[in-house]
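This report refers to the structure that appears directly beneath it.
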Amino acid sequence: MAEPLDDYIDAVAGALGLPIEDAWKPSVRANLAVTLKMAKMVDEFSLPDEIEPASIYAA
Amino acid sequence: MQLDPVITPEGDWRPASEIAQAVATKKISALAVTEAALARIAQHNPVLNAFTDVTADRARATAKALDAAIAAGQSVGPLAGVPFAVKNLFDVTGLPTRAGSKINRDRPASTRDATLVERMEAAGAVLVGALNMGEYAYDFTGENIHDGPSRNPHDTTRMTGGSSGGSGGAVGGSLVPIALGSDTNGSIRVPSSFCGIFGLKPTYGRLSRARSFPFVASFDHLGPFARSVEDLALSYDAMQGPDAEDAACSTRAVEPVTALIGQDIGGLRIAAAGGYFRKNLFPEAQEAVARVTKALGVTRDIELPEVARARSAAYVISTVEGASLHLDRLRTRPNDFDPAVRDRLLAGAMVPAPLVDRAQKFRRWYRAKVLELFGDVDVIIAPATPCIAPKLGQATFVLDGVELPVRANIGIHTQPISFIGLPVVAVPVPLDPMPIGVQIIAAPWREDIALRVAYALERAGTVAAPRAKGF
């Protein structure tokens, strides 16, 4: 049965030219699921429109 | 030549200041000190696996040059003759900078040392080698599938912690008195905790990263490990200063701390980190924090806001910036990575960009909120790791009846701090049989305050780098 993230992984891997063997996919999928869960937690936090990213660059 | 001027009767290194004084006054030659370090490495490294390269010829040449300068009446630096070693992501002339990887071994040999190596040697220290580490620093265990695991000197069946595992093992096992490492999410503080030594993760931008192999540009820090607070301060002072070759390195003037560490701490406002930092702790970690707060007379907790979210944002930014760094290697040599590291990096390459931008914006918000807290306190005390060093290869531990993955949980208390670049001294609480560390956290650019508190704790006997039996 196809996993929900598999189509996404295949599409991004194709777009970026990343070779992902079938045997690696469960591990990549598991890592991506954890990362997206973490990112969702940050995404859910309301921030003001004006907030700047914490970048390093200074002209 | 007798080693009494540099080695204690118990077999440990004397403080770096005493070693340097003995060398400068010709009580012992720098060459003899170097030979003592090389002999220790030869004897114990087969067990500890801390060193991946021993630069013996270079070390002897450096030491002889130092002895010649002393014989000629020239003044020498505050670390004269003190042996040190560096995590193998620092450029060392003549070595390819492997950064714990198989792939980087194919790089040409470095033609110039990392800035921090140059500064340590300018202060008289003698580089004796490069140290084992987790692949590309994406690691909290100190294990490495290419070079084998670093082993903990207090129990060689246990992890050193990572990713600066060899740095922890080399100083924890007294092979060298000082080592350098890097800390992106905890890679100085975790090995310090597991190996029972002192570690300093300075303010982000304080020490130059020039000519070291990166991991996550937003969070990468370099810093020292030592067996005493004074040795941390001496090495830190030797390495401070602007460096145009690291875009993130601050232009602040050098702010020496060694002369300040003995100042009274009575006027400092100290609180323990509450909430998130009181959770997910094994009894040893609770005991370590309790001993430190009791010794400091801490009576209140302070809540850092949205800590779990900060840790999540650090996780996201780390995996994405790491993936960006390694994108070409993932395309061309995916089978030459540790598969576990490769698969984390491949996943990192797939995170949608707006989520990363939001994580960096959250970082700005979190930084402002935490800096507000420093209007009310000078120092925050927090655990360094949730547990003592796990067994090598251990995948899970059970905490409060819940089975949790070891690798993902070792850094839960360090990540929210390095996320905004606060300076931290990791201090070792010498519990028996395994030590464990505590974080002494200060406001940006106040390494002096964190070191003063660490020094007071050391003088009180609350924290110390215990001698590892058999080393």
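What is the distance in Å between the Cα centroid of segment B:420-471 and that of segment B:235-264?
19
Along the Cα→Cβ direction, 7 angstrom out, place labels at B:Thr299 and B:Ala353. What is the inter-label distance in nm?
Placing both labels 7 Å beyond Cα along the Cβ direction yields 5.4 nm.
Along the principal axes of its C-alpha atoms, what lengths does segment B:11-163 span, in descending order and rounded to whole Å?
For segment B:11-163, the Cα extents along the three principal axes come out at 48, 36, 20 Å.
In segment B:60-127, which trypsin sites (Lys or Arg not before Pro) are in a loop and have at most 14 other Cβ atoms within 10 Å, using DSSP for the loop call?
Sites meeting the loop and neighbour criteria: B:Arg112.
Starting from the Cα-Cα distance between B:Val47 and B:Ala460, subtract it from 0.36 nm times their residue separation and give me the gain in nm to one decimal.
Full extension of this stretch gives 145.4 nm more.
Say each of A:Asp7 and B:Val254 gets a label point 7 Å from the Cα, pointing the same way as Cα to Cβ; how far apart are those two points in nm?
Label at A:Asp7, label at B:Val254, 6.1 nm between them.
Report the calculated FRET efficiency for B:Leu371 and B:Ala122 (r = Cβ-Cβ distance, R0 = 22 Å), to the nearest 0.05.
For R0 = 22 Å, the calculated efficiency reads 0.05.
Can you give the calculated 222 nm mean residue ellipticity of chain B, where each DSSP H run of n ≥ 4 adds -39,500 (n - 2.57) and the sum is split over every residue, rounded to the nearest 500 deg cm²/dmol? Working shown, then result.
Details: 14 runs with 170 residues, N = 471.
Rounded to the nearest 500, it is -11000 deg cm²/dmol.
Amide H of B:Asn152: which non-local residues (sequence gap of 5 or more, or other chain) have their own amide H closer than 5 Å, using H built in the peptide plane?
B:Arg158, B:Thr160
³J(HN,Hα) across segment B:285-297 via Karplus (A = 6.51, B = -1.76, C = 1.60, θ = phi - 60°), whole Hz, x for Gly/Pro?
Ordered by residue, 3J(HN,Hα) equals 5, 5, 4, 5, 5, 4, 5, 5, 5, 5, 4, 8, x Hz.
Could you work out the per residue convex hull volume over the alpha carbons of the protein assembly as shown, in cubic angstrom? List each step's numbers first, then the result.
Numbers: hull volume 78.5 nm³, N = 530.
Taking the convex hull of the Cα positions in the protein assembly as shown, it is 148 Å³ per residue.
Quick check on packing: order B:390-397, B:138-145 by the mean number of other C-beta atoms within 10 Å, highest mean leading.
For the peptides B:390-397, B:138-145, the packing ranking is B:138-145, B:390-397.
Would you mind getting me the FRET efficiency between B:Leu399 and B:Asp57? Use the beta-carbon distance for r and R0 = 45 Å, nearest 0.05.
The calculated FRET efficiency here is 0.40.
Write out the GluC sites (Glu not before Pro) in segment B:1-106 meeting two conditions: DSSP loop, and at most 16 other Cβ atoms within 10 Å of their Cβ.
Listed in order of number, the matching sites are B:Glu10.
Could you state the number of Å between the C-alpha centres of segment B:338-410 and segment B:59-112?
33
Counting C-alpha atoms alone, how compact is segment B:81-224: give Rg to one decimal and Dmax as a whole number, in angstrom.
Cα-based Rg and Dmax for segment B:81-224 come out at 13.5, 38 Å.
Using amide H atoms built 1.01 Å from N in the peptide plane, name the residues 5+ places from B:Ile302, or on other chains, whose amide H lies under 5 Å from its own.
Result for B:Ile302 returns B:Ala272, B:Ala273, B:Gly274.
Along segment B:217-231, what does the Karplus equation 6.51 cos²θ - 1.76 cosθ + 1.60 (θ = phi - 60°) give for ³J(HN,Hα), rounded to whole Hz, x for Gly and Pro?
4, 5, 10, 5, 10, 10, x, x, 10, 7, 9, 8, 5, 4, 5
Dipole of the protein assembly as shown (Lys/Arg Cβ +1, Asp/Glu Cβ -1, origin at the Cα centre): which of A:Leu18, B:Pro435, B:His413 lies farthest to the positive side?
B:Pro435
For chain B, what mean projected area does the convex hull of the alpha carbons give, in nm²?
The orientation-averaged projected area of the Cα hull of chain B comes to 20.5 nm².
For segment B:439-449, in order, what is each residue's ³J(HN,Hα) by Karplus, 6.51 cos²θ - 1.76 cosθ + 1.60 with θ = phi - 60°, in whole Hz (x at glycine and Pro)?
3J(HN,Hα) across segment B:439-449, in whole Hz: 8, 9, 10, 10, 6, x, 6, 10, 4, 4, 5.
Taking 7 Å along the Cα-to-C-beta vector as the label spot, tell me the B:Thr93-B:Glu245 distance in nanometres, rounded to one decimal.
Taking the two extended label points, one gets 1.1 nm.
Work out Dmax and Rg for segment B:56-143 from the C-alpha atoms and quote the Rg first, both in angstrom.
Using the Cα atoms of segment B:56-143, the pair Rg, Dmax is 14.8, 47 Å.
For chain A, report the % of Cα-Cα distances exceeding 16 Å.
60
Arranged by the count of other C-beta atoms within 10 angstrom, fewest first, what order do B:Val54, B:Val425, A:Val42 take?
In order of increasing Cβ crowding within 10 Å: B:Val54, A:Val42, B:Val425.
To the nearest 20 debye, what charge dipole does segment B:323-462 have about its Cα centre, counting +1 at the Cβ of each Lys and Arg and -1 at the Cβ of each Asp and Glu?
With Lys and Arg at +1 and Asp and Glu at -1, about 540 debye.
Values quoted throughout were computed directly from the atomic coordinates according to the rules given, and no laboratory measurement underlies them. Quick caveat: nothing in here was measured; it's all calculated off a predicted structure. When we count neighbours, we look across all protein chains shown, and the Cβ atoms used for this are built from the backbone with ideal geometry, even at glycine.
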